[in-house]
Each structure stands twice: as C-alpha cells, then as structure tokens.
Amino acid sequence: MKFNTHRSMPGSWSTILLVCAAAPGPGAVGSTQTASSSDDVERIEVRGQRSLRDRETPEAATRIRFERFELEAADLGEILARQEGVVLQRRGGLGSEIRLSLNGLSGDAVRFFIDGIPLDLGGLPAGIANIPLGIIDELVVHRGVVPTRLGADALGGAIELVTRAEFLETKLSASYVAGSFGTHRVAVTGSHVFDDDGFFVRAYGFFDAAENDYDIDAPVIDASGRDTIESLPRFNDDFESYGGSAEVGWAEHPSFGTLTLRGYYSRFTKGQPTDTTGSIAIGEVERSVDVVGGVLRFDIPIDEQVSFAGNLGLARAERSFLDVSNCIYNFLGDCARTQPQGVAGELGDFASDLAQTNLSTFLRATLEWEVADDHTLRLSAAPTLTFSSGDQREPLTGGIKDPGEADRRLLTAVAGVDYELRLFDERLTTVVFGKGYAQQGETDVIAGMGVAGTNTFDSLDPGGGVFLRWVLVGPLAIEASYEYATRLPNETELFGTPGQVEPNTGLRPERSHNGNAALKLESWAAPWGQLRGRIGGFVRDAEDLIFLVGEGLLFTYANVDSVRNVGAESALTWISPGRYFSLDASVTHQDFRNTSTGGPFGEFSGDRIPNIPATTAALAARLRFSGLLQNEDVLQLAWVTRYVDEFFVSWESTVALKRGSP
C-alpha cells in the first residue's frame, strides 16, 4: 500500500516524500520487480510496430521504463511532469481535466498513443494523466518530430504508452494505491503463454475512485449577509473509472509473425464543481464516457527484407452530459434556492441529458523494406473514419432541437514515407521523411425545430522533415531534427462536446516549423558512478494554433494566427556505485509568445501565451536498500520536488493594464 499527499502551486516548489517497500517473490501476486536505474530513462530506438526495447532506428525520443515507479505513489501525470520540456497542469485531483504541453504546444497538438493506437480509440478515455500505472510498461516521449509509423497529425510531438512486452510470460500481478481526498486505485494484470509458437492470452483490469474533497477558498454569505471567503471542502468533484482489456493471439510466430485480437471496455464518470471561471458553484452536473472496441494487431514478415505491420480497429464511444437540476447551489454544497417551475439546468438556459455517440474505424499500417545494407524504406497509412450522432433525452420546450443532436462525419487520413540511411558503421544515421494530411467533414446544421442544412469542409496539406544522429565518441552524440508539421482539427474542436464546448467547423489546421538540437551523453560509467544527460534547444514557429477560449459557462476553440516558442532544456541522472543512491534533475526554460499581427488576437502581439510557465524544474533523490529480509526485497526512500514559475492565466498585456502598468 502506498500513500501520497501532494499539493502544487504555480510559482512555488512542490515536494513529495515517499517511503516504499516491495514484497518478496518475483511473479507473485502483488510483487514488485525493479530494474536498475540506468534502464529507467534512455534513448528510445524503434522499428515499425515491433517492440520498443530492442530496435535501433533514430527517433528523437526518450523512453521511461516504469518498473521503478511501482515503488512510488506517483501517477502517470506526476511522472510526465518530471520530464524536461513537459508541463502538466490540472484543474483538481484524480480524474480532473489536464493541460499537458510539450515544448509549449498543448492540447491535441500533442498526440497520445497506447500500443500504437490513438489513446481516445484505445479504451482509456479518462485522459493520459489518469491512466492506471499498473497496466503500463514504458513511456516514450517524441519531441516535435513524430515518426511516420504513428500516422499522427501531431504539431508538438507525441507520447506513446506501451503495455505489451517483447517476450510475454506467464505471470499475475496486482497493485493497490490509497491517497488523500478519498483516492483509491486498483490494477490487476495477468498473462499466460501456452507453447513455443508464442500463443498467449493476457488481460488487465482497473478501478479508480477519488472524492477530490480538498479544501478551497470559496465565497460564502455569512449570517449578516456579507460576502466572505472561507476554506471549504470541494464538492461534486468525485471521479470513478473502471475497465479492462483481454488479448489473445500469437506473438512472433515462426511462420506468420504476430497476430492478436484485443477487446476492451472502460467507463468514467466525473462531477463538475464550478463554472469555467470558478466563481459559481455547481452541484449536480455530471459527465461520463463509455468506450468499447476491438483491435486486430499484426506484424507479418513477407520475406527477409519486407514486413507489414499495423493495427485495424473499431471503437464506439458514448459521451454523456447530465444537467437537469433546478437547484442553485452555494459553495457549502447546499441547494440555496430553486429556479422557477419548469426551469432547470445549472450551466445553460435549459436542462440537458445529452448523449453523443462516436463510431470510429481506423487503420495504422506500415510497410518496411530493407532495400540494402544500411538502407531502409518505410511507407505508412493511417485513415480514421468517425460517425457521430446525438440524442437529447431531456426534450427542450417548444419542440426545439438541441444542436448536439446533429449527425456528423469526419474522415482524417495521414500518409507518410521515410528513408533511413546509416553510414560509417552506424555512427551517422539520417532519416528523411514526407507526410500528407487530408481531412473531409460533414455536419447537420440544427436550427429551431429541425435540420436547416448541411455544412461540409475539407483540407489537404503536405509535411516532412529530417532527423540526424552523429555519434562523436563513445556515449557522446549529437542529435538534430526538423519537421514541417500539420495538425488537423479533431471532432471535439470542430463539433464541440455536450454542455462544455461549442462547435466551430471553421477552424483551420495548425502548422508549425519544429526544430530540435541536443548533445546527449548516453551512459558514462566511472569509479564515482554512472552519468547520463542531455542538453538541447528547440524552436516551434506555428501558425493557426488552435486555442481554447472560455466565455461564461462554455468554451470554444479559435485559431491564433501565429506563435513562436524558443527554449532550452536539460536533464541529468547520476547513479552511485552499487546503485544505493541516485539523482535525477531536469530544467526547462521557454519564451512562448503570440506573434500575430492581425486577426482576433492581433491586439495581443508580443504577449506571452497564457497558462504556459517560462521555467520549470524537477529534482528526484532516491535511497535504495535491497535484500533486507529476502533477496528480492527492496526498500526505497524517495524525495521528489518540482518548481513551476509563475504564469499569466490571460493575455499578459490585459493583466498589466489591470495592475495599472503603462
């Protein structure tokens, strides 16, 4: 059992002290197996759909293995927030909305994948920060330049989660984590291999719950009728999520390679405690998402030089929004008064019990050809077709139709080709790639009592880039990469979500020039320990950035003409002889500004982009003892601290005017 209490404030240090022990017995239920610290974070080298562990292609990425974090009470959001270049901000506790930015770019500019499948189609809809750690084996962070094999229209990078192992084994494990504010997390995983041909079954299940009833400063009216500020428990912020997955098939069969079929289901529900400004208490609004689907995974060797790998899947997601109360709540959690008869709904002008259903079919496929020694050609294709429809189960007065009931269709396709060349005994590796992005959409226009017409839109955009890796001497290498990237608006940004985001089908695709350069020390062993590090810089010069804007009780997405982010980042790890003590440190500084000269945000030209801190840092120290009672026992004391610089929550110039600055 692990316990953790953590509160973080912008512009301050946040600190966690963890004391954890692992039970004996590798492979036993509830056991924890740890890897050496040198394997926790390293350069990732990947090829096609195969394992992320042993292949050697030069992707600009970092891999984080999760064995060590089983000894900590950290969640996936906390682990991500410790990585250089990553900023993760939450609205509250477990299950709350998060904002993750990678080198300044956030939202869907950063794509998330689980075993090569987009996260929202892979059966884990609660968001990357809320995914149970017990089902994840490793994490891969791609910075700004995304490999074609992912088939992603990502602007700022991608984050991959890996659940499967290269060599599956028969095992069963379980974990339970308890924390403050009614937090409980349970995960169970198991697998069994039947024969030498690699036939296996595996499954996982999870359950997460949190009350999120931490104290907040809230406005109340005292007995004399005066407005005061009191510290009160947050209410209607509870979260519950559960689900599971089962997979069966062959892993690396000697005749036909890998062929598996996986089915999954998950559900989460979340209350909403306030409006978008945090000034109005909300007592009964609830959102939920149900996802069910299946994926056929294949990795087929056609001959010694050619292989074909990918995922083919179908997923159904139902997003529900419930707002039918006629109460007006205060921050004490009381129904202070009721609305007039026939009037209901806390967030809008009417009560709503709306369900939106998305039915998506998708393919991620890569054809890889070893043209000659040290020459590799890859072709990839990634189409996704989504049909969406809505059902308002709380009829509106007068027979008026809810715009959320519109039928919609969205086709997105990304294709890519890359050529990899290795020279000088693989000391110099270059990958040149090109991409194409296409999107076509259609939606009913709801007006009054029915469909008033149909709105269609489409786009076609090119992209491409290059990656270079040069090994200077021993473990020291230079990496440089560039991509002209495009990110197409997704269905949430275009069509909105029930009761939260208004539709905007006029959004333009995001485009960006992304550049990275870094000096990396892979792993240097010395008498005083092992050292690993990275120092680099980056630039993101983007146009038509899609920006979430809050107005009253609702949000909408809009384009910012142009933005630019220039920054530097570094990471360093030191491991003592005998691995008794280790230190991990990271620092990121960035200058992210609006460079628009016209459009709706032109008046804020030169301002820093809201909600993005200029400087972040993280430091972790671990003291480990092994074999205290039995050989497999591990006792670890961990101290983790993070710093987040202050930042503006709105445009910098408007804040300065409110302060009376010239």
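The values are calculated or read from the model by the stated rules, or taken from the named source; none is laboratory data. The shown structure was predicted, so the numbers you read here are calculated from the model rather than taken from an experiment. Cβ sites come from the backbone with ideal geometry, for glycine too, and all protein chains shown count toward neighbours. Just the protein is used for accessible areas: all its heavy atoms, side chains included, with ligands, DNA and RNA removed. Shrake-Rupley method; radii C 1.70, N 1.55, O 1.52, S 1.80 Å.
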Within the range 349-365, residues farther than 30 Å from LEU421 by Cα, in contact (Cβ under 8 Å) with a residue 40 or more places away in the chain and not hydroxyl-bearing (Ser, Thr, Tyr) come out as PHE350, ALA351, ASP353, LEU354, ALA355, GLN356, ASN358, LEU359, PHE362
If you scan the range 243-263, which residues turn out to be farther than 13 Å from GLY205 by Cα, at pLDDT 90 or above and of a type in the set (D, E, K, R)?
-> ARG262
Can you pull out the residues in the range 302-341 that are in contact (Cβ under 8 Å) with a residue 40 or more places away in the chain, buried (at least 17 other Cβ atoms within 10 Å of the Cβ) and not in a strand (DSSP E or B)?
-> SER325, ASN330, PHE331
For GLU368, indicate whether it is of a type outside the set (Ser, Thr, Tyr), in contact (Cβ under 8 Å) with a residue 60 or more places away in the chain, closer than 30 Å to GLN440 by Cβ and surrounded by 14 or more Cβ atoms within 10 Å (Cβ to Cβ).
-> yes
Please state which one of ALA73, ALA126 is modelled with pLDDT under 85, more than 21 Å from GLY243 (Cβ to Cβ), touching a Phe, Trp or Tyr at 6+ places or on another chain (Cβ under 8 Å) and open to solvent by 10 Å² or more (accessible area, probe 1.4 Å).
-> ALA73
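This table checks each residue for (1) in contact (Cβ under 8 Å) with a residue 12 or more places away in the chain; (2) more than 30 Å from ALA178 (Cβ to Cβ); (3) over 31 Å from the mean Cα position of the chain (by Cα).
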| position | (1), (2), (3) |
| --- | --- |
| ARG202 | yes, no, no |
| GLU211 | yes, no, no |
| ALA223 | no, yes, yes |
| GLU230 | yes, no, yes |
| ARG234 | yes, no, no |
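Against the condition open to solvent by 40 Å² or more (accessible area, probe 1.4 Å), modelled with pLDDT of 80 or more, part of a loop (DSSP other than H, G, I, E, B) and out of contact with any Lys or Arg (no Cβ under 6 Å at 6 or more places or on another chain), how does ASN611 come out, does it pass?
So ASN611 passes the test.
Please go through the range 520-573 and give me each residue that is within 21 Å of SER596 (Cα to Cα) and aromatic (Phe, Trp, Tyr), ordered by number. Before you say what the answer is, go through the steps one by one.
The first filter runs over the range 520-573 and keeps only residues within 21 Å of SER596 (Cα to Cα), leaving 538-550, 556-567.
Passing the criteria: PHE538, PHE547, TYR557.
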Is it fair to say GLY578 is in a loop (DSSP other than H, G, I, E, B) and more than 26 Å from the chain's Cα centre (by Cα)?
-> no
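Counting just the residues of the range 401-429 that are outside any strand (DSSP E or B) and surrounded by 15 or more Cβ atoms within 10 Å (Cβ to Cβ), which one comes out nearest to the chain's Cα centre (by Cα)? Break it down stepwise before answering.
Our first condition is that a residue be outside any strand (DSSP E or B); within the range 401-429, this holds for 401-407, 424-427.
From the residues that got through so far, the ones that are surrounded by 15 or more Cβ atoms within 10 Å (Cβ to Cβ) too are 401-406.
Values: LYS401: 34, ASP402: 31, PRO403: 29, GLY404: 26, GLU405: 28, ALA406: 28 Å.
Selected residue: GLY404.
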